[in-house]
1. Can you say whether C:GLN46 is away from chain A (no Cβ under 12 Å), among the polar types (S, T, N, Q) and touching a residue at least 40 places away in the same chain (Cβ under 8 Å), as far as the supplied structure shows?
2. Looking only at residues that are of a type outside the set (A, V, I, L, M) and under 15 Å from the mean Cα position of the chain (by Cα) in the stretch B:81-98, which one is nearest to B:CYS62 (Cα to Cα)?
3. Search the stretch C:217-243 for residues being away from every other protein chain (no Cβ under 13 Å) and surrounded by 24 or more Cβ atoms within 10 Å (Cβ to Cβ), and hand back the single one that is nearest to the chain's Cα centre (by Cα).
4. Which is among the small types (Gly, Ala, Ser), touching a Lys or Arg at 6+ places or on another chain (Cβ under 7 Å) and over 14 Å from B:GLU107 (Cα atoms), of B:GLY47, B:GLY18?
5. Tell me, which residue of the stretch A:86-100 that is touching a residue at least 60 places away in the same chain (Cβ under 8 Å) and either touching a strand residue (DSSP E or B) at 6+ places or on another chain (Cβ under 9 Å) or more than 12 Å from every other protein chain (Cβ to nearest Cβ) (or both) is farthest from A:CYS144 (Cα to Cα)?
6. Any residue that is in contact (Cβ under 8 Å) with a residue 12 or more places away in the chain, surrounded by fewer than 22 Cβ atoms within 10 Å (Cβ to Cβ), on the phi > 0 side of the Ramachandran plot and more than 10 Å from every other protein chain (Cβ to nearest Cβ) - is there at least one of those in the stretch A:299-306?
Amino acid sequence: MSIYFDNNATTKLDEPVLDAMLPYLRETYANAASLHKPGRAARAAIDSAREQVAALVNAHPSQVLFTGGGTEANNMALKGLAARLKPGRILVSAIEHPAVLEPGAALTRSGWQVEQIPVDAQGRLNLQAYARLLEKGDVRIVACMYANNETGVIQDIPAISALAREHGALMHCDAVQAAGKLPMHYRQSGAHTMSLSAHKIYGPKGVGALILDKGLDIDALLHGGSHEHGLRGGTENTAAIVGFGKAAELAVQQLEKRRAHTRELRDHLQTGLRAINGIQVFATEAERLPNTLQFSVPGFDGESLVMSLDRYYIAVSPGSACASGSVEPSHVLLAMGLPADIAKGAIRVSLGKDNSQDEVNQLLTVLAQLTQGGAPMPSINPGVLAG
Amino acid sequence: MIYSNQIETRFRNPGYPGAAQPIDLTGRAETPGSAAVLQLYLQIENGRVMRASFQAFGCPACIAAGDWACEWLTGRKLVQINTLNATQIESALELAPAKRHVALLVEDALANALTNTVTRNPP
Amino acid sequence: MMQAIYLDNAATTALAPAVLSAMQTQLEKCYANPASTHGPGRNAAQVVAQARTQVANLIQARPEEIVWTSGATEANNLAIKGVADFHHRQQRKPGHIITARTEHKAVIDPVRDLESRGWRVTWLNVDAGGRIDVPALAQVLTHDTALISVMHVNNEIGVIQDISAIARLARENDITLHVDAAQSLGKLPIDVDALGVDLLSMSAHKLHGPKGVGALYVRQRPKARLLAQIQGGGHEQGLRSGTLAPHQIVGFAAACTLAGSDMAEEQGRIATLRNDLWGKLKTLPGLIRNGNGEKTVAGILNISVEGVDGEALLAAVTGGEQALAVSSGSACSAARAESSYVLRALGRTPELAGASLRLSLGRFSTQADVDIAADKISWEVNRLRALSPLWEVSSKMQAAS
């Protein structure tokens, strides 16, 4: 059985979530837009899921718009807001997920100027630099993630939103990693839009949400029909939405338990890593998600370390896992001012509610062996060895 | 489409359908464009409605309103009849705001009936 | 739970047991992100690759020509706006698009969005049977026509368009052809090369697969050129980012394989049921069948009923004893009770367009469903007409004339 330490990439579907989904895969399959009885039953299930997801971030159910996932929610926020504004400047933090950086970049095609807000060496947004960028004027949209997927560093979203609002800018917050791991409050965050994903909180893949005020002037990303108040076309994925609702409900109920458990494991891991020669843990001085720890091992690049650990059936991620196993150095660590060879060597351990201390100890044992040359692995980047 | 119990029951199984003979008074009302049409038929004995019935073309709320009106009318004195108003019908049927016109339709049909005497055919 | 007689398979379908079991295995056992490089991630990627081949096989395409989406709506948005954005970037100005008035909202709405961004749009009319007049289409081509978007099978009336003829025109004029095949996938044999399409939208939940997943076929040779609409990580060859949902994808693939395995028999069986249903219903006076009866997919029957109110008709047949699950007009616009724009495009009055029922059959439809539906509809239509102060008069007038 493998040890799964990649819970920021995706999580295992929780059993009660699957149980909640099954009736909507089996019997209540009707189209929720249909007016007949089975259609109304599907609609009712979506309505309760909307309440459950709203509760995850202390929002009102009317503020929840279901999407096909976090990436779609981020795309909709940036492009949908931009579509209703005169092109101007967009500020995005330098450590955003590609799901924010890339739609941001796409907006340059329609006349927008996209600039990155730097972070400090601990991965926290540089508030002075941010303020200076705002003061130059014409900033229409600011995007900053609640917590980073690689380092786990938590940003001061209320402060960042407040500054954006002072300068008349709309604020988007990618909260995909933070939801379910921290107590969240949509209104208090000050964000105008906030994206969420189900599969990061033990829910199903293929469903997410954008939290937004009903009155917000925003364009649809997927046009087609009057679903979700005309803001998101497409037949609702009832089973997945119900699963998202259940996962959100459990995340709220078990928030403290999950936080305490993963934090204990994370701290145990961090203490253990200190005993291994040369391991560098990132962003330790910043406030981080309780479950996330990113570090580099000298003599290894991230990709080969992932492959080595894989032979011991331990699943971790090299920086951020995205479309392809890219060996680009982590843009997050580069933004924190780390040299490229260190950034390339980073791996991320992201713990979940089902991980155990025993599993963490196994990882520590294997890492100790690997660094002592007990299981030599060739580096795929000779530059790292040379350095 | 979700209807109140009153509408659901009366639409599915109206108690006063048709044009029950004999007819002493009848009145018809239509919404603009004839999207809904309601006709009431009343049999009068000694200044009282002995029997009421209706015909309707329209949505379920329209049919239910015709039926409810007939029930309300049955047994009432003619002099009491013009106390029936749209608000009463709205609350009795729990009409959605978009369906208020059916209550007005009943008011109009009744008003027309009170001025439209039918000569009974000799038996 | 679902007590109604389900005749709304054009809106969505029940999962086939084989589909559900394929999905359940993934949901329970395989949860890694297919983009992850570790073992569990590679296993998930393998599952996705196998599914890609299965879906490609149903339309005679190559696996690398399949781009996963969250459904046909997203596939349509990607095709239409993606081609338009590419054209706009190349030509530095908007161009011209041709589509039909009877398309699904998932095509109409993205095209309208482009219209609001400066694109010129030709909205083709259809004949009384719902078909596009191909010579008329040839007349409206212009030098900057970037895209023709036409549905294979209409979701309301089931009419089949002559895609090959339209494709020949598109090919001759070097115009990209997009086809929304949400209603035809698994019901008509599709060979993307024989049809000559460049882009083809697919949906899983219309053929007994799961909701929330679909795909866009993107021709490789000659390469259809389009820009991504959802960016962020470069998944799906950069055309559509976002973590893939293997359980959905596997369900879609299982549904495609199932549909491909018995398409001819199954569609034949469904056509027989549909014809029987129409045979029973047409004994009622004042019933009109909408759409070209001959060029129609097996599972759809659309009727307009004279002398009844549309809302009352739908409420009557979808409620009470032996309630039917059927649609009136298009399910997707049903949340707003407006009369069907598709039926009005065929020349129906707003009243007749409103007083219409779409009965759509699927793999699990039975003769008993058809018998019950025919009885229920006949009974309710007669009841409502008997209650109407107008019907007696108009039927007498008809009898007299």
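1. Details: away from chain A (no Cβ under 12 Å): yes; among the polar types (S, T, N, Q): yes; touching a residue at least 40 places away in the same chain (Cβ under 8 Å): no.
Taking the combined requirement at face value, the residue does not satisfy it.
2. The first filter runs over the stretch B:81-98 and keeps only residues of a type outside the set (A, V, I, L, M), leaving B:82-83, B:85, B:87-88, B:90-91, B:94, B:97.
Keeping just the survivors that are under 15 Å from the mean Cα position of the chain (by Cα) gives B:82-83, B:85, B:87-88, B:90.
Working: B:ASN82: 20, B:THR83: 20, B:ASN85: 15, B:THR87: 15, B:GLN88: 15, B:GLU90: 11 Å.
So the residue we want is B:GLU90.
3. Step one: of the stretch C:217-243, the residues away from every other protein chain (no Cβ under 13 Å) are C:217-226.
Adding the requirement that they be surrounded by 24 or more Cβ atoms within 10 Å (Cβ to Cβ) leaves C:217-218, C:226.
On the way: C:TYR217: 15, C:VAL218: 18, C:LEU226: 22 Å.
So the residue we want is C:TYR217.
4. Criteria check complete, one pass: B:GLY47.
5. As a first pass, look at the stretch A:86-100 and keep what is touching a residue at least 60 places away in the same chain (Cβ under 8 Å): A:91, A:93-100.
Those still in the list that are either touching a strand residue (DSSP E or B) at 6+ places or on another chain (Cβ under 9 Å) or more than 12 Å from every other protein chain (Cβ to nearest Cβ) (or both) too: A:91, A:93-97, A:99-100.
Values: A:LEU91: 8, A:SER93: 5, A:ALA94: 9, A:ILE95: 8, A:GLU96: 7, A:HIS97: 10, A:ALA99: 12, A:VAL100: 9 Å.
Per the criteria, the residue is A:ALA99.
6. yes
The rows are residues; the columns are (1) surrounded by fewer than 18 Cβ atoms within 10 Å (Cβ to Cβ); (2) of a type in the set (Gly, Ala, Ser); (3) not in a helix (DSSP H, G or I).
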| site | (1), (2), (3) |
| --- | --- |
| A:ALA9 | no, yes, yes |
| A:ASP19 | yes, no, no |
| A:ARG50 | no, no, no |
| A:THR71 | no, no, no |
| A:LEU81 | no, no, no |
| A:PRO87 | yes, no, yes |
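Here is a yes/no grid of residues against (1) modelled with pLDDT of 95 or more; (2) within 23 Å of the chain's Cα centre (by Cα):
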residue	(1), (2)
A:ALA240	yes, yes
A:ALA248	yes, yes
A:GLU256	yes, yes
A:ARG259	yes, yes
A:GLU264	yes, yes
A:ALA275	no, no
A:SER296	no, yes
A:ALA321	no, yes
A:LEU338	no, yes
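The values are calculated or read from the model by the stated rules, or taken from the named source; none is laboratory data. These numbers come from a predicted model, not from an experiment. Glycine also receives a Cβ, built like all others from the backbone with ideal geometry; neighbour counts cover every protein chain displayed.
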